[in-house]
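Written out below as structure tokens is the structure these notes cover.
The values are calculated or read from the model by the stated rules, or taken from the named source; none is laboratory data. Keep in mind that this is a model prediction, so the values were computed, not measured. Cβ: placed from backbone, ideal geometry, glycine included. Neighbour counts: every protein chain shown. Remember, those area values only see protein heavy atoms, side chains included, never the ligands or the DNA or RNA. Shrake-Rupley method; radii C 1.70, N 1.55, O 1.52, S 1.80 Å.
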Amino acid sequence: KESGISFALIRCGYRGASTGELFEDAACTANVAGARAAGLSVGLYFYSQAVTEEEATEEAEFIVQAARTCHVTAPLVELAGRAEGVSPEERTTFTKAFCRKVHEDGMMPMIGGEAGWLSSSLDMTALTQEQIWVAQENSSVT
């Protein structure tokens with residue numbers, strides 16, 4: 001915190017690329033506690049690999065439960081991966097299903113990813129109501 005950091009984004013889980021199984025990040029609880037002990041605000045993210053609306057909804061349920069368990073009130077982030085054969089339109093549908101479920105459970109979803117990936121892998125014009133987290137290692141977002 002003394003170095004100017006005020007927020008920690010901590011992974012709570014992910015979906016395996018080969019089996020599609022959901023996994024909890026074993027270090028999540030300790031990382032949340034450590035960030036709080038350092039005086040930081042905390043948010044959680046789930047590394048999504050959903051290839052159906054059902055999987056996206058399942059991931060949303062997973063992160064909402066983790067947020068409740070960890071008493072996290074900061075935005076939740078969905079990072080997308082796996083489905084290389086999935087079209088941007090399909091991925092956008094899955095992302096909307098994730099966001100809808102998180103909203104229904106009274107929390108704020110956030111879509112995250114590298115700027116180029118976001119613009120090529122999602123229809124961002126269909127997601128204008130959602131918060132976006134851009135992973136970019138520049139001094140400003142390009």
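Side notes on the structure shown:
- Normalised per residue, the accessible area of the chain is 54 Å², obtained with a 1.4 Å probe and no contribution from ligands, DNA or RNA.
- Stretchable slack from Ser3 to Glu104, in nm (0.36 nm times residue separation minus alpha-carbon distance): 32.7 nm
- Highest to lowest packing among 127-138, 36-47, scored as the average C-beta count within 10 Å: 36-47, 127-138
- Heavy-atom accessible surface of segment 19-99: percent carbon and sulfur, 1.4 Å: 51 percent
- For segment 1-75, projected area of the alpha-carbon convex hull averaged over all directions, nm²: 5.2 nm²
- Calculated FRET efficiency for the pair Ser41/Val134, C-beta based, R₀ 25 Å, to 0.05: 0.85
- Inter-site label distance for Ala115 and Ala30 at 7 Å from Cα along Cβ, in nm: 3.6 nm
- DSSP-defined antiparallel bridges as percent of all bridges, the chain, nearest 5: 10 percent
- Derived scalar couplings between HN and Hα for segment 11-20 equal 6, 9, x, 7, 9, x, 6, 8, 9, x Hz in order, rounded to whole Hz, by the Karplus curve 6.51 cos²θ - 1.76 cosθ + 1.60 (θ = phi - 60°), x for Gly and Pro.
- Matching label, Cα extents along the principal axes in Å computed from the structure shown, candidates (i) 42, 31, 27; (ii) 53, 39, 23; (iii) 43, 34, 29: (iii)
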